[in-house]
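Student: Here it is, the structure in full.
The values are calculated or read from the model by the stated rules, or taken from the named source; none is laboratory data. Since we're looking at a predicted model, the values are computed, not measured. Note that each Cβ is placed from the backbone with ideal geometry, even for glycine, and that neighbours are counted across all protein chains shown.
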Amino acid sequence: MSFPWLSVLLGLPLVGAVLLVLLPAGVAAINVKRAALFISVAELIIGASMALRFHNGDGTQFTEKHEWIKAFGAHYALGVEGLGLSLVLLTVILTPVVILASWNDGDEGRWGPKAFFAWMLALEGLAVGVFAATDVFLFYVFFEATLIPIYFLVGGYGGPNRAKAAVKFLLYNLFGGLVMLAAVIGLYVQSARHHVGASGGPSYLLSDLSKIDFGTDVGRWLFLGFMVAFVVKAPLFPVHTWLADTCEEATPGTSVLLVSILDKIGSFGMVRFCLTLFPEATHWATPTVVVLATISIIYGALMAIGEDNIPRLIAYTSVSHFGFIVLGIFVLNSQGLSGSNLYMFNHGLSTAALFLVGGYLIKRRGSASIKDFGGVEKVAPVAAGLLLISGLAVLSLPGLSPFVSEFLVIVGAFVYSPWAGAFAVTGIVLAAIYVLLMYQRTMTGPLREDNAGITDLNVREIVAVVPVIALMVILGFFPKPLLDMLNPSVHHSLVQVGAHDPGPNVTPSGSSDEGGAK
Amino acid sequence: MTTAMTAHVLMHAPPVVDPSSAHGVFSILWLVIALPALGAVVLLLGGKRTDRWGHLLGVATVATSFLLSLILFISLLGRHSGNRQVSQHLWTWFTAGSYHVEFGLLYDQLSALFLLLITGVGALIHVYSVGYMEHDDRRRRFFGYLNLFITAMLILVLASDFVGVFLGWEGVGLASYLLIGFWQHKPTAAAAAKKAFVINRIGDIGLSLGASLIFVTFGSTSFAVVSANAHNASSGTLTAIGLLLLLAACGKSAQFPLQSWLLDAMEGPTPVSALIHAATMVTAGVYLIVRSNFIFSLTENARTGVIVVGCITLLMGAVIGCAKDDIKKALAGSTMSQIGYMVLAAGLGPAGYAFAIFHLLTHGFFKANMFLGAGSVMHGMDDDVNMRHYGALRKAMPYTFATFSIGYLAILGVPPFAGFWSKDKIIEAAFGDNLVVGLCALIGAGVTAFYMTRLMLLTFLSEKRWEKDVHPHESPTVMTVPLMALAGLSAVGGLLLVNNWITTWLSPVVGAHVEHKLGVGSVGMSLIALVVVVLGAAIAWQLVGQRPIPTVAPEKVSFLTRAARADLYGDAFNDEVIVKPGVAGIRGLLVFDATIVDGIVEGLAAAFTAVSNAFRHVQNGFVRSYALMLFAGALVVLFALLAVNFG
């Protein structure tokens, strides 16, 4: 039996979380934090070693399968293809970054740093589970379980209205989860009826379920059940309002874990479940989803332009970016879907950087309101520089990694329909406005007296963010390793959904010599 | 007959980009970009440690790039004219389905000229900046940004793919943003920087969608593939691509209707205005159109759009230049106008491509010369930019005056200075195309003579108007030497036209040059243009030179003057039609989001719950019990979580 990479990645942080909680009360807070960081770095090293063993194009890898609940046909089954692996990598990269950046953010919360970092580690493990589950039931369990750590992280360590924000977060996501549960049960019924399991019984294995032809009506209902949950998660207009409310109250680190990683479950789920299991329904829903996604791009960006609260602003930029991600998925062509898969990773990086740097500034100023800042570049040039670079990544400046993904999505949208491309592309102008307006209002102009006490970033804070920015620069010029990982699974998804790329309108001349082919 | 037709088509078919791969001396091509990139990285990440020698490194990287460019150019000269396109593949940038984008460079007759302009003028302006920024404690950072700009600009003109151009395109936009806002503690500078970036992004819509349409049409965005297959595309598609690229060009080159950012961009330090907002970056739109000649040559409709934009802007810019008292803004209006000439020439197709580039080069010399001259004046006048406070500076600043005068004669189009050759050719080609277009170009020349003469009179001639405690003085050698070099180029730049060298040189890239014979002949046309120029200068002499100049701008002026002072109401229009309604709309949307959207979703939630309940009833009791158990389980978790009191 081969090494259970994914189980280790799943289990290590969960076990780590438990150990952290069990540490005797006498252990100094600093050692608790070091332990958490150590575990997350170990996780990163294991995750990276696993990625090095991944063979691009060989389908789902590092698979593990054990029967779990026979009556349901549920299995403990794990495995990743390109997209799943990229998101597992994103998770293991960002968690140590968040822990280091949030070093003191758990001190003042309700339960102190021990629980704070334990919940973060637990979340990391569960996130790996979501991205690696190849059994729908197991996926559902992880999907719901991730709500618990976020709920406690928001409710226990957030701003003054944290309790209300935590409840709103939970209600929205549980609602989505319950609708999905209906679909999960529906899947069980169908799998039992079609006898797809190994012994002729029901099965929740994706590999078994994808053999079923659900028929038009059932397929569409099941598709909707999953889609509703995913659309709430990767929030699209009009079910996005919880995101801004949650981010406003959460600590910056929690927001990163939520927006950069957990929200990806939504867009990841669309690709892995909606497209794979319900191709007919996917085609049926495409026009509606494309319209919703395009509205989200523009709507989220407009809200961000008007927003004065920095975390809320960043949350709205994500609504806009999830619009791009979902648009790329549902235009059902290689450019859109590759761009979208890449976008999930890149958005994780750019948003993490912006949330963390924004968080550093908010903590120093004691206010999250842009109105309260002004001229800060003068006293905190490093913070200003990092805020600008993160912002430029968010507005998809070429040379930073989000550009390639956004450009591909725009091209993919254009291939689908010039109108979709034309509406989506307005996002690039609006993004320039919301990012540069925020930078202008906080950093430029004369230094305000009440901002003079703001200090520049310390070494820990810089060290936490710099790897994210370095990764964005490298992947901006050289996204090939990531794309090579993603493209085979993109191709696979498109084959399963039965979509074909249209060829160029003009057939190329046989020779590039002038007139040679005429 | 078929053969004859084919021959005809071939004669007018735009040339194909078909480079051979770089070897020998050409394999150093990437270094031209890498050197300033290295400079930027060291200076921007090196921090205070590099303060002492940072500016020297900045100058050295660009100067070395210039030397390399010169070596490459000489090597290219040595090659046979059919073999002057060289490509260098660096790495595969990205792949999605059948779409491949390479990180590749294309060095040909067109990019060779740009390399010399960018690194040559760039190096001179770097040298000048050593003196100009001497007392700024962020000088090192300034050089870092300048190096970043040079890097991006070189990528722009060397990229072999529209997406590669886009990388450089946005890169120069970023450098421009950083440098306009270099003194960002000034709110006006910060606002101008943002405005420039945002308006450029509107243009970028054109480049994004243009690249998308090119991909949909040709399955690739590389110049080689597109140029080889362009003739197979439908005319509607070609026109659409052309107009989208024109939109992009309007943003970057400050052409109507996206012109309003350039005047505000003068908030940046003057070397920036000279390098980015006169000599190089703002001309990128002209480069894009000329580089895409394989599209534009096939679509007369798009070319007409280009010509219209060029004509409007050349007149607009000239009129604005007449009313400005701020020396840099007068020059900025002039830049708009001169780029209008280039755009107009590019819109003329094979008759004008080469002249567009010719004027771009000579303008790069004389306008950089004059901007740096203006900087030198400001340097001696305690950073005052108001020409009404100048006067009679010729004595205090003899070198600045002499070099500026050469730039003045060049932009007016006085023989034998550079502008005479390049602008004259455009006016001539414009008349060859269409009488109205020709008249626009001719009138523009007259207005140019007016505002430039006004500027000369206000600044260097007339009587002294500066205050007692201002002591105008000549700038240090490190600043005057670049002025002399640029003045020299402004004087002799016309040599590029000897034996029609530039049209011949560029013809493998932009197609064989087509000339329309005018009734008055070439010399006749030049004489007419010269008369108009003298007329414009004489009117300025009469109106400005023969009257006392008030140190405060008079309020009672004609409508046209007021309009020109307000940049022909471009900003007012944007404010009223876009910004104000936009802000109000967004405010409304915020309220809408917090009340209606949030509220409706609660209602939808109830509806979906009903749907999911319906599912439960579909199946038999066995399943239902499991389902209920699961729901119950989820609810227990829910209540357990809600029961926790966070306080």
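Student: Pick out the one residue from B:F149, B:F143, B:F94, B:F103 that is touching a strand residue (DSSP E or B) at 6+ places or on another chain (Cβ under 8 Å), buried (at least 24 other Cβ atoms within 10 Å of the Cβ) and at pLDDT 90 or above.
Tutor: Answer to the selection: B:F94.
Student: Looking at (1) surrounded by fewer than 24 Cβ atoms within 10 Å (Cβ to Cβ); (2) part of a helix (DSSP H, G or I); (3) modelled with pLDDT of 85 or more, find the lone condition where A:P160 falls short.
Tutor: (2)
Student: Under 9 Å between Cβ atoms, at least 6 apart or on separate chains: pull out the pairs that start in the range B:447-467 with a residue that is surrounded by fewer than 22 Cβ atoms within 10 Å (Cβ to Cβ) and end on any residue that is of a type in the set (D, E).
Tutor: That search, which allows pairs on different chains as well, returns B:W466/B:D384.
Student: List pairs: first in the range B:334-345 and of a type outside the set (D, E, K, R), second buried (at least 24 other Cβ atoms within 10 Å of the Cβ) and not in a helix (DSSP H, G or I), Cβ under 6 Å, 6+ apart or cross-chain?
Tutor: Hits for this filter: B:M336/B:A254; B:M336/B:Q259; B:I339/B:S253; B:V343/B:Q255; B:A345/B:G352.
Student: Let me ask another. Restricting to the range A:224-261, name every residue that is touching a residue at least 12 places away in the same chain (Cβ under 8 Å) and outside any helix (DSSP H, G or I).
Tutor: Listed by number, the residues that qualify are A:A234, A:P235, A:L236, A:F237, A:V239, A:H240, A:A250, A:T251.
Student: Pairs needed: first member in the range A:419-437, at the interface with another protein chain (Cβ under 7 Å from one of its Cβ atoms); second member anywhere, outside any helix (DSSP H, G or I) and of a type outside the set (D, E); C-beta distance under 6 Å; at least 6 residues apart or different chains.
Tutor: If the second residue must be outside any helix (DSSP H, G or I) and of a type outside the set (D, E), the pairs left are A:A432/A:L395.
Student: Name, by its number, the condition in (1) more than 14 Å from every other protein chain (Cβ to nearest Cβ); (2) touching an Asp or Glu at 6+ places or on another chain (Cβ under 6 Å); (3) not aromatic (F, W, Y) that does not hold for B:G97.
Tutor: (1)
Student: Separate question: Which of (1) out of contact with any strand residue (DSSP E or B) (no Cβ under 8 Å at 6 or more places or on another chain); (2) hydroxyl-bearing (S, T, Y); (3) touching a residue at least 60 places away in the same chain (Cβ under 8 Å); (4) surrounded by fewer than 24 Cβ atoms within 10 Å (Cβ to Cβ) does A:S367 not meet, given it meets every other one?
Tutor: A:S367 satisfies all of (1) out of contact with any strand residue (DSSP E or B) (no Cβ under 8 Å at 6 or more places or on another chain); (2) hydroxyl-bearing (S, T, Y); (3) touching a residue at least 60 places away in the same chain (Cβ under 8 Å); (4) surrounded by fewer than 24 Cβ atoms within 10 Å (Cβ to Cβ) except (3).
Student: A:L447 passes all but one of (1) in a helix (DSSP H, G or I); (2) in contact with a helix residue (DSSP H, G or I) (Cβ under 6 Å, 6 or more places away or on another chain); (3) among the aliphatic types (A, V, I, L, M); (4) at the interface with chain B (Cβ under 10 Å from one of its Cβ atoms); which number fails?
Tutor: (1)
Student: Which residue is nearest to A:P446 (Cα to Cα), if the candidates are limited to the range B:166-213 and must be in a helix (DSSP H, G or I) and aromatic (F, W, Y)?
Tutor: B:Y177
Student: Given the conditions (1) crowded, with 22+ Cβ neighbours inside 10 Å; (2) out of contact with any Pro (no Cβ under 9 Å at 6 or more places or on another chain); (3) at pLDDT below 90; (4) among the aliphatic types (A, V, I, L, M), report the number of the one that B:L393 does not fulfil.
Tutor: Unmet condition: (2).
Student: Considering only residues that are farther than 21 Å from B:N293 by Cβ, more than 12 Å from chain A (Cβ to nearest Cβ) and crowded, with 23+ Cβ neighbours inside 10 Å, which ones fall in the range B:213-259?
Tutor: If the condition is that a residue be farther than 21 Å from B:N293 by Cβ, more than 12 Å from chain A (Cβ to nearest Cβ) and crowded, with 23+ Cβ neighbours inside 10 Å, then B:A254, B:Q259 are the ones that fit.
Student: Considering each residue of the range A:303-312, count those that are touching a Cys at 6+ places or on another chain (Cβ under 9 Å) and either among the β-branched types (V, I, T) or buried (at least 24 other Cβ atoms within 10 Å of the Cβ) (or both), and give that number.
Tutor: Residues in the range A:303-312 being touching a Cys at 6+ places or on another chain (Cβ under 9 Å) and either among the β-branched types (V, I, T) or buried (at least 24 other Cβ atoms within 10 Å of the Cβ) (or both): 1 in total.
Student: Within the range A:320-347, restricting attention to residues that are part of a helix (DSSP H, G or I), facing chain B (nearest Cβ under 10 Å) and not small (G, A, S), which residue is surrounded by the fewest Cβ atoms within 10 Å (Cβ to Cβ)?
Tutor: This residue is A:Q335.
Student: Then there's this: Restricting the range A:385-404 to residues that are at the interface with another protein chain (Cβ under 9 Å from one of its Cβ atoms) and in a helix (DSSP H, G or I), which is surrounded by the most Cβ atoms within 10 Å (Cβ to Cβ)?
Tutor: A:V404
Student: Provide a single number: the residues in the range A:156-173 that are farther than 25 Å from A:F237 by Cα and in contact with a Lys or Arg (Cβ under 9 Å, 6 or more places away or on another chain).
Tutor: Number satisfying all stated conditions: 2.
Student: Select from the range A:485-504 the residues that are more than 9 Å from chain B (Cβ to nearest Cβ), buried (at least 18 other Cβ atoms within 10 Å of the Cβ) and either under 18 Å from A:F414 (Cα atoms) or β-branched (V, I, T) (or both) and list them in ascending order.
Tutor: Within the range A:485-504, A:V497, A:A499 qualify.
Student: A further question follows. Does any residue in the range A:94-114 that is within 14 Å of chain B (Cβ to nearest Cβ) and touching a residue at least 40 places away in the same chain (Cβ under 8 Å) come within less than 7 Å, Cβ to Cβ, of a residue that is surrounded by fewer than 20 Cβ atoms within 10 Å (Cβ to Cβ) and not small (G, A, S) six or more places away or on a different chain, and which pairs are these?
Tutor: A:R110/B:F646
Student: Is it true that some residue in the range B:10-28 is away from chain A (no Cβ under 14 Å) and buried (at least 22 other Cβ atoms within 10 Å of the Cβ)? Steps first, answer last, please.
Tutor: Just the residues of the range B:10-28 that are away from chain A (no Cβ under 14 Å), to begin with: B:22-28.
Okay, now just the ones that are also buried (at least 22 other Cβ atoms within 10 Å of the Cβ), so none.
The answer is no; no qualifying residue exists.
Student: Hey, another quick one. Does at least one position in the range A:165-183 carry a residue that is more than 9 Å from chain B (Cβ to nearest Cβ), touching a Pro at 6+ places or on another chain (Cβ under 7 Å) and among the charged types (D, E, K, R)?
Tutor: no
Student: Confirm whether B:D384 is in contact (Cβ under 8 Å) with a residue 24 or more places away in the chain and over 26 Å from the mean Cα position of the chain (by Cα).
Tutor: Numbers: in contact (Cβ under 8 Å) with a residue 24 or more places away in the chain: yes; over 26 Å from the mean Cα position of the chain (by Cα): yes.
So B:D384 fits the description; yes.
Student: So, one more: How many of the residues making up the range B:153-164 are more than 10 Å from chain A (Cβ to nearest Cβ), of a type outside the set (F, W, Y) and either part of a helix (DSSP H, G or I) or in contact with a Ser or Thr (Cβ under 7 Å, 6 or more places away or on another chain) (or both)?
Tutor: Going through the range B:153-164 one residue at a time, the tally reaches 7.
Student: Which ones in the range A:238-273 are aliphatic (A, V, I, L, M) and within 16 Å of the chain's Cα centre (by Cα)?
Tutor: Correct list: A:L243, A:A244, A:V256, A:L257, A:L258, A:V259, A:I261, A:L262, A:I265, A:M270, A:V271.
Student: Another question, then. Which of the residues spanning the range B:176-194 are within 9 Å of chain A (Cβ to nearest Cβ) and either modelled with pLDDT under 90 or over 18 Å from the mean Cα position of the chain (by Cα) (or both)?
Tutor: B:Q184, B:H185, B:K186, B:P187, B:A189, B:A190, B:A191
Student: Can you find even one residue in the range B:309-324 that is over 15 Å from the mean Cα position of the chain (by Cα), surrounded by fewer than 24 Cβ atoms within 10 Å (Cβ to Cβ) and of a type outside the set (A, V, I, L, M, F, W, C)?
Tutor: Checked against the condition, which is being over 15 Å from the mean Cα position of the chain (by Cα), surrounded by fewer than 24 Cβ atoms within 10 Å (Cβ to Cβ) and of a type outside the set (A, V, I, L, M, F, W, C), the range B:309-324 yields no hits at all.
Student: Can you pull out the residues in the range A:144-155 that are closer than 16 Å to A:V232 by Cβ and either among the charged types (D, E, K, R) or at the interface with chain B (Cβ under 7 Å from one of its Cβ atoms) (or both)?
Tutor: Selection gives A:E144, A:Y151.
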